[in-house]
Structure formats: structure tokens, C-alpha cells
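Below is one structure; the comments refer to it alone.
The values are calculated or read from the model by the stated rules, or taken from the named source; none is laboratory data. All values derive from a computational prediction rather than experimental measurement. No Cβ is skipped: glycine too gets one built from the backbone with ideal geometry, and neighbour counts run over all protein chains shown.
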Amino acid sequence: MMTFIRPRLRKPLLGGIAFLGIAAAWAIGSPAWGLAIVIAVVAVGQTVAWYTWAGADTDESALLASRADERQKQVGLRARALAGTVALAAAYTGLVITLAVKMADAWPFAALLAVAGFAYLLGLSSYGSGEPGPEGEVTAGHQTRSPASS
Amino acid sequence: MSQAELAAALGVSRQTIISIENGRYLPSLPLAFVIARFFDLTVDKMFDPDEEEAGT
């Protein structure tokens, strides 16, 4: 479906939809449902702001507009890795604190850590090393042993 | 030739050209080949560290 949407609009739109989800949840769950309208307006504003920002000539804009080159993708990947690490540290801190203060509230943090751990293992198996070949043999254009290991 | 023109010719961003020039980013092998082809050089000529040291 995303291919029908202009690349510059994809991520701003996704961000807006995510924000609208929060607005919908707020409208359903909170007695102060009027605030959901404010959140929805902010969501639309954020989408417009991100779309405008995506037109600039910076690394962040290129990532936002889905037109990043190889270096910019690497920058985005590192930023995601940092965000993931910080989120894990926050979840761990939350788990430790809630275990000490109110054990019944600890499960969301434990679930976050479990999901993150599973995702990490999934990533290792998905993006990990290629097919193992016979050790020490070097075929034309395909090296099976790292020069660093010799 | 400006950095923007070179970036457009190579299909990368202007910031990436600046990063390669400053030595802050090493291009991937496919991009290195594109750059070498563009300047009509070989990859080893372009990215030979010994030659760079000799030139400075």
C-alpha cells in the first residue's frame, strides 16, 4: 500500500496515524475525551510539519522523506540502535524500580525486555552470517575465510 | 563542478559527498565503483591510503 503514497509523505503520514491512534485511545478510555480532539489536531499539525521538514536538504530530512542514500541510511540505523539501547535501559530501570516498589506493576517492563530480547535474537538470525562453507577454501570471487583470521 | 552537481551525478546526497571528501565516511564498494567510473579512475587509485599520505 505504501508504494502508492509519495515517498516524502510516507513517514509523516505514518507518524500522524500513530498520533491519531493515541487520540482514539484517549477518546475511548479517558473521561476527558475532549482532549482527544486536541491530540488529533496536533497529529495533523505534526504530519504537515514533518512533510515540510522532509523537503529540506539535510540528513534528517532525507531519512524522513524516504530518499536516504547509503550513508544516511547508516546514520538512521545507528540512531535507531541508540534509541533501542536507551529504550532497553529505560525498561530495565522501570523493571528494577517497580519490582522494588510495587511488584504487580512490573510485568509491562518485563514484557518489553522479553520482546526486545526476542527481536534481537530474530535480528541476529535474519541478518547474521551467510551460509557456512568449507573452511580455508577460497573460490573465484567468494572468500570463505576471513584474512583477519589467518 | 559543485558538490551538489557531483552528488546528483553519483546519485547520493551533497552531505555524503562532503563526508567522503573530509574522510568521515568510507563509501561502500558499489558506490566506490560508481565514483571511480565517474572520474575515469580505478578504485585502488582513488582509495589508496599510501598514495594519499604521499600526496600530503
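Some points to look at:
- Among the residues examined, residue A:36 does not qualify as without any contact (Cβ under 8 Å) to a residue 24 or more places away in the chain and either out of contact with any helix residue (DSSP H, G or I) (no Cβ under 7 Å at 6 or more places or on another chain) or not in a helix (DSSP H, G or I) (or both).
Results for (1) of a type in the set (Lys, Arg); (2) over 13 Å from residue A:74 (Cβ atoms); (3) more than 11 Å from every other protein chain (Cβ to nearest Cβ); (4) surrounded by 14 or more Cβ atoms within 10 Å (Cβ to Cβ), shown as yes or no for each residue.
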position	(1), (2), (3), (4)
B:2	no, yes, yes, no
B:16	no, no, no, yes
B:21	no, yes, yes, no
B:24	yes, no, no, no
B:30	no, yes, no, no
B:38	no, yes, yes, no
B:45	yes, yes, yes, no
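- Assessment of the stretch A:31-41 against the conditions (within 14 Å of another protein chain (Cβ to nearest Cβ), surrounded by fewer than 17 Cβ atoms within 10 Å (Cβ to Cβ) and among the hydrophobic types (A, V, I, L, M, F, W, C)) yields no matching residue.
- Whichever residue in the stretch A:50-61 is surrounded by 15 or more Cβ atoms within 10 Å (Cβ to Cβ) and within 14 Å of chain B (Cβ to nearest Cβ) and, among such residues, is nearest to residue B:7 (Cα to Cα): A:59
- Single match in A:47, A:52, A:3 (criterion: among the β-branched types (Val, Ile, Thr), at pLDDT below 95 and part of a helix (DSSP H, G or I)): A:3
- Selection of first residues in the stretch A:62-89 that are within 14 Å of chain B (Cβ to nearest Cβ) and of second residues that are of a type in the set (D, E, K, R), restricted to Cβ pairs under 6 Å at least 6 apart or on distinct chains, gives the following pairs, ordered by first then second residue: A:64/A:11; A:65/A:8; A:66/A:10; A:72/A:59; A:75/A:59.
- Just one of the numbered conditions (1) of a type outside the set (Asp, Glu); (2) more than 12 Å from chain B (Cβ to nearest Cβ); (3) surrounded by 16 or more Cβ atoms within 10 Å (Cβ to Cβ); (4) under 23 Å from residue B:15 (Cα atoms) is not true of residue A:47: (4).
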